Amino acid sequence: MKKILLISAFCLGIISLASAQQRTPAIQHRQQNQNMRIVHGVRNGELTKPETQRLAREQQHIRIEKRHAKADGVVTRRERKHIRREQRIANRDIYRQKHDGQDRN
């Protein structure tokens, strides 16, 4: 009986350690992709200065949300869902700003 309790406690310890070191590679990859799209929009002249500033603030907000989610060591399903929703909105905003017919010139 003691062996079973000891083994189960050990397994729970490993599981909690693994979840505390949780990473968000999909979120990180999407964030990098969005930043590159903004940079390309600036280079191509598809984004005006105010559009670029607004999109940059939106990306900063997502980074802050991600940092807050990771602050306690565990990114919950709810936090991950919230960050992904923010990224979807940012993705749509980037597309709309790049294709709205306004340009830097």
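Among the residues of the range 69-88, what is the count of those that are part of a helix (DSSP H, G or I) and surrounded by 12 or more Cβ atoms within 10 Å (Cβ to Cβ)?
Taking the range 69-88 as the starting set, the residues that turn out to be part of a helix (DSSP H, G or I) are 69-70, 77-88.
Within this subset, residues satisfying the condition of being surrounded by 12 or more Cβ atoms within 10 Å (Cβ to Cβ) are 69-70, 79-80, 82-84, 86-87.
Total satisfying the criteria: 9.
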Hits in the range 27-68 - residues which are among the aliphatic types (A, V, I, L, M), under 14 Å from residue 87 (Cα atoms) and surrounded by 12 or more Cβ atoms within 10 Å (Cβ to Cβ): 27, 38, 55, 56, 62
Filtered residues of the range 89-105 (kept if outside any helix (DSSP H, G or I) and polar (S, T, N, Q)): 102, 105
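All of the numbers you see were taken from the coordinates with simple rules; none came from a lab. All values derive from a computational prediction rather than experimental measurement. All Cβ positions, glycine included, derive from the backbone under ideal geometry; neighbour counts span all protein chains shown.
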